[in-house]
Number of protein chains: 2
Amino acid sequence: MANYFSSKFTLGILGGGQLGKMMLYETRKFDITTHVLDPSNEAPCKISCDVFEQGDLMDYDTVVSFGKKVDVLTFEIEGVNIDALETLENEGIKVFPSSKTLRNIQNKGVQKQFYADHSIPTSPFTRFADKFELTEAIVRKDVSFPFVWKSCTGGYDGKGVAVIRTAEDVIPLPEVECIAEDLVPFKNELAVIVARNPSGEVKTYPVVEMEFHPEANQVEYVICPARITNEVATKARAVAAKVSEAFKHVGLLAVELFQTEDDDIIVNEVAPRPHNSGHYSIEASYTNQFEQHIRAILDLPLGKTDSKAAGIMVNLTGAEGHTGNVHYENIEKIMAMDGVTPHIYGKKQTRPFRKMGHVTIVNEDVAKAREIAEIVKESINVISG
Amino acid sequence: MANYFSSKFTLGILGGGQLGKMMLYETRKFDITTHVLDPSNEAPCKISCDVFEQGDLMDYDTVVSFGKKVDVLTFEIEGVNIDALETLENEGIKVFPSSKTLRNIQNKGVQKQFYADHSIPTSPFTRFADKFELTEAIVRKDVSFPFVWKSCTGGYDGKGVAVIRTAEDVIPLPEVECIAEDLVPFKNELAVIVARNPSGEVKTYPVVEMEFHPEANQVEYVICPARITNEVATKARAVAAKVSEAFKHVGLLAVELFQTEDDDIIVNEVAPRPHNSGHYSIEASYTNQFEQHIRAILDLPLGKTDSKAAGIMVNLTGAEGHTGNVHYENIEKIMAMDGVTPHIYGKKQTRPFRKMGHVTIVNEDVAKAREIAEIVKESINVISG
């Protein structure tokens, strides 16, 4: 185990968005020198890192050139050039999560196949190289309505996912590689964050429960602990740990799960990085997800994943009908409530459903936290004006 | 109350050290634009703020010129030019804490007189314009041994304070304005952090208990909650709130207190800013002291001051006999313990008793936290090599 606290070394982060920004709080706490690469010259990480470079994360040469200047390389977004990561690994740079792990995750078809190959429970699915193949399968009735369509690449925050109920729903789908998944009825959408370091130490966070906005398909509340039985929680954490082990994942892995009507746990998808479902941990956990990610990729001992109190996260998204300079209506009102902390991402312009920040509500009692969360959600409005 | 979240405004911070750095995490969280002034071009705040300026905090013109570019001005160190603050206030800049408050605190003789004038309990004292006056008073037996000598300006971390037991102890004292305080026997050294905003809202944090290193006169453990009776804790918080009200203080005020043998609470001294005795709050409190300071000076509602769990802070100071490039021996060992988080300040060189960082230990049970804290202290060594 390298002693990162006593030797001069540099951590590189691909992507300089909000997740990277929150990661940088932790690198500052541990006095780690950081380089950040992001396509935008106004990336949130531009201040707080030691060296900022503007460049395309999908460009092989850009990523290789950036990566050669650092000792350990990580990312806050999956959309990065994997061939570049592999080149860097071959040249001795420590890349975590590895190019191999990311190859198994970046493409959702490959990811689903990986679960099937490793006996990890997931909904039945079929892979299609393009929309034409999908249409043929529908005509031949190899795929039946309803099903869940997912683009194999580029999807996030509800984009690239659609529930297909009729032939008409197929028409607007883009001409991309995709999968069709069985629509499995579920009781709860859950998530478990797993941390794993190169030495193989694994820790899981408590199960969180996710509530989605019915229209925007974005997470609206993340509730920790999930209001489920201990038995289901234990099963969910075990499945998540199995996924992390199968990937030989290093760093943080957010495992999104469904609790079926029969209380089975099946894997929906994963994100190989700190995740929206773990933001609650900044205020509620003994070790927040960003510190944990840094501990994991530096092969430091993993921190305690228990919660100090119940935590609920509310995403701050732009209100419908509002586009323009952002105004956080009633933010003072919610800040006067016990245990309420807003995180403002600093985007100057709002538009409907745009993620503008999040609010964490912490309380000893999860039911009380949920009450306050609802008042927070009813009070604050992300509007223009 | 201005809506800082919706309008473009700039916060200025005088001093770019560790306290400023930890304050900047919170300004980033709230997306506040920051300017920082510090004499060192290698100040920890140089990255993380929007604009960094190098300059002398005691120079009138430098501070006025810096302050004119911001809307709200605060400081992380008391050693700043107060006349400049007053000029800025007269020109409409919001300066918190105010120049008036700082004038009553910066000079320890004035501070003690302020307590006497406002019926705030403090140890009996005499003020001296210089060392000659002090010596005369000793000769005339107006001051008797033992007493506590304090320099009126420039003291911190045990510097500028000495217990004087004999005439010989007087010889090495510097030729400065000073006070002589009665040496009051006490059971405990306590501290209470008070937050107050311009609207007059006041909140006190739980009482913390401080243990000092016997030689270096630096805080070794800060324990929250203090292991005292509820009655004494209530009294301590009331005295601290009274001090804040008397100063009409805006921002954070750390009030250092003695619990006497008779369970009286007397004020030792104050610091008008986030303080070492509040570092535990980053991990243990619902609202950490840095976020609270930002809330207070922006006249936002103050956050909940309760703790989510017991917190103990151990200062990481350079080991005796070690000067040179710093090495944090056994840091991985302490990071493997439950609820242990190191904060590394990033000073490249260690020397005996130099403050190099701190470690927070968080646990549901304060006695268990204290056990772990002792193991942490015995394990980690800040050495050279």
Inset, instruction - Please name all residue pairs, on different chains or six or more residues apart, with Cβ atoms under 9 Å, provided the first residue is in region A:279-298 and is within 19 Å of A:L73 (Cβ to Cβ) and the second residue is in a helix (DSSP H, G or I) and of a type in the set (D, E, K, R). - result: A:F290/A:E26; A:E291/A:E26; A:E291/A:K29; A:Q292/A:E26; A:H293/A:E26; A:I294/A:E26; A:I294/A:K29; A:R295/A:E26
Legend entry - Matching option when the condition is out of contact with any His (no Cβ under 8 Å at 6 or more places or on another chain) and surrounded by fewer than 23 Cβ atoms within 10 Å (Cβ to Cβ), among B:T287, B:T305: B:T305
Legend entry - Residue under evaluation A:L102, criteria (1) touching a Gly at 6+ places or on another chain (Cβ under 9 Å); (2) closer than 25 Å to A:A296 by Cβ; (3) surrounded by 20 or more Cβ atoms within 10 Å (Cβ to Cβ), criterion not met: (1)
Inset, instruction - Provide a single number: the residues in region A:25-74 that are in a strand (DSSP E or B) and either of a type outside the set (D, E) or crowded, with 20+ Cβ neighbours inside 10 Å (or both). - result: 12
Inset, instruction - State yes or no: is A:T166 surrounded by 13 or more Cβ atoms within 10 Å (Cβ to Cβ), β-branched (V, I, T), free of Cβ contacts under 8 Å to residues at least 60 places away in the same chain and outside the structural domain of A:E231 (by TED's automatic domain parsing)? - result: no
Legend entry - Answer from A:V202, A:V208 - the residue that is assigned by TED's automatic domain parsing to the domain that holds A:T260, touching a residue at least 40 places away in the same chain (Cβ under 8 Å), crowded, with 22+ Cβ neighbours inside 10 Å and touching a strand residue (DSSP E or B) at 6+ places or on another chain (Cβ under 9 Å): A:V208
Inset, instruction - Report yes if some residue within region A:349-363 is under 25 Å from B:K308 (Cβ atoms), free of Cβ contacts under 8 Å to residues at least 40 places away in the same chain and either aromatic (F, W, Y) or surrounded by fewer than 22 Cβ atoms within 10 Å (Cβ to Cβ) (or both); otherwise report no. - result: no
Legend entry - Wholly enclosed helices (runs of 4 or more DSSP H) of region B:92-140 bearing at least 2 residues of a type in the set (S, T, Y) and under 19 Å from the mean Cα position of the chain (by Cα): B:99-106
Legend entry - Matching residues in region B:25-43 - criterion: being over 13 Å from B:F66 (Cβ atoms), under 19 Å from the mean Cα position of the chain (by Cα) and more than 8 Å from chain A (Cβ to nearest Cβ): B:E26, B:A43
Legend entry - Candidates B:G79, B:G17, filtered to the one that is within 14 Å of another protein chain (Cβ to nearest Cβ), of a type outside the set (A, V, I, L, M) and under 22 Å from the mean Cα position of the chain (by Cα): B:G17
Legend entry - Condition broken by A:V314, with the remaining ones in (1) more than 9 Å from every other protein chain (Cβ to nearest Cβ); (2) within 18 Å of B:K29 (Cβ to Cβ); (3) surrounded by fewer than 22 Cβ atoms within 10 Å (Cβ to Cβ) satisfied: (3)
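Quick check on A:N276: is it within 12 Å of chain B (Cβ to nearest Cβ) and within 16 Å of the chain's Cα centre (by Cα)?
No; evaluated as a whole, the condition is false for this residue.
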Legend entry - From A:K112, A:K69, residue being of a type outside the set (A, V, I, L, M, F, W, C) and farther than 17 Å from A:S151 by Cα: A:K69
Legend entry - From the options A:E269, A:E283, A:E329, A:E320, residue that is over 22 Å from A:V382 (Cβ atoms) and of a type outside the set (A, V, I, L, M, F, W, C): A:E269
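So, in region B:351-366, of the ones that are over 16 Å from B:S379 (Cβ atoms) and at pLDDT 95 or above, which residue ends up nearest to the other protein chains (Cβ to nearest Cβ)? Reasoning before the result, please.
In the first step, residues of region B:351-366 are kept if they are over 16 Å from B:S379 (Cβ atoms); the result is B:351-355, B:362-366.
Subset that is at pLDDT 95 or above: B:351, B:362-366.
Details: B:R351: 16, B:V362: 6, B:N363: 9, B:E364: 8, B:D365: 13, B:V366: 14 Å.
Looking at the filtered set, the residue picked out is B:V362.
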Legend entry - Only one of B:E332, B:E320 that is surrounded by fewer than 24 Cβ atoms within 10 Å (Cβ to Cβ), away from chain A (no Cβ under 11 Å) and more than 20 Å from the chain's Cα centre (by Cα): B:E320
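Could you tell me which residue of region A:213-264 is nearest to A:E201 (Cα to Cα), considering only residues that are among the acidic types (D, E) and more than 15 Å from the chain's Cα centre (by Cα)?
The residue in question is A:E245.
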Legend entry - Qualifying helices (runs of 4 or more DSSP H) (wholly inside region B:215-311; at least 3 residues being within 21 Å of B:K21 (Cα to Cα) and out of contact with any Leu (no Cβ under 6 Å at 6 or more places or on another chain)): B:281-284, B:289-297
Inset, instruction - For A:G16, state whether it is surrounded by 21 or more Cβ atoms within 10 Å (Cβ to Cβ), modelled with pLDDT of 95 or more and assigned to a loop (DSSP other than H, G, I, E, B). - result: yes
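The values are calculated or read from the model by the stated rules, or taken from the named source; none is laboratory data. No experiment lies behind these values; they were computed from the predicted model shown. Cβ atoms come from the backbone with ideal geometry, glycine included; neighbour counts cover every protein chain shown.
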